[in-house]
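A.B. asks: After the structure tokens below, expect a handful of questions from me.
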Amino acid sequence: MSKTLLGKELLHADETWMRVNGENYRIHTVCTELLSYYAHHKKRGSEAIDSFWILNKYLWKLVTAHWGGY
């Protein structure tokens, strides 16, 4: 799926938090109009984004909520 997403000219990225066993985690989403990639991580920043290795290789247009981490 990551190769498919990397080939798209437009992606949307977002994140939100959720509780897992009493701890805060982040759910990160990268999607198109037809595909959604979800991943969870304890952190919100570049460590989390780099661990999914989609956004750190993406070269096209990215729609976000203007969070600086993207």
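The values are calculated or read from the model by the stated rules, or taken from the named source; none is laboratory data. This is a predicted model, so every value here is computed, not measured. Every residue, glycine as well, gets a Cβ built from its backbone with ideal geometry; the counts of neighbours run over all protein chains shown. When the accessible area is computed, the model is the full protein with side chains, heavy atoms only, and any ligands, DNA or RNA have been set aside. Shrake-Rupley method; radii C 1.70, N 1.55, O 1.52, S 1.80 Å.
A.B. asks: Given the options THR16, THR4, THR32, name the one that is among the polar types (S, T, N, Q), touching a residue at least 24 places away in the same chain (Cβ under 8 Å) and open to solvent by 60 Å² or more (accessible area, probe 1.4 Å).
C.D. replies: THR4
A.B. asks: Could you list all residues from the stretch 35-49 that are open to solvent by 40 Å² or more (accessible area, probe 1.4 Å) and either more than 16 Å from GLU23 (Cα to Cα) or outside any loop (DSSP other than H, G, I, E, B) (or both)?
C.D. replies: Selection gives LEU35, SER36, TYR37, TYR38, HIS40, SER46, GLU47.
A.B. asks: What's the number of the only condition in (1) at pLDDT 80 or above; (2) exposed (fewer than 11 other Cβ atoms within 10 Å of the Cβ); (3) not small (Gly, Ala, Ser) that ASN56 fails to meet?
C.D. replies: Condition (1) is where ASN56 drops out.
A.B. asks: Regarding LEU11, is this residue in a strand (DSSP E or B) and in contact (Cβ under 8 Å) with a residue 24 or more places away in the chain?
C.D. replies: Taking the combined requirement at face value, the residue satisfies it.
A.B. asks: Please go through (1) open to solvent by less than 60 Å² (accessible area, probe 1.4 Å); (2) modelled with pLDDT of 80 or more for GLU9 and return the number of the only condition it doesn't satisfy.
C.D. replies: (1)
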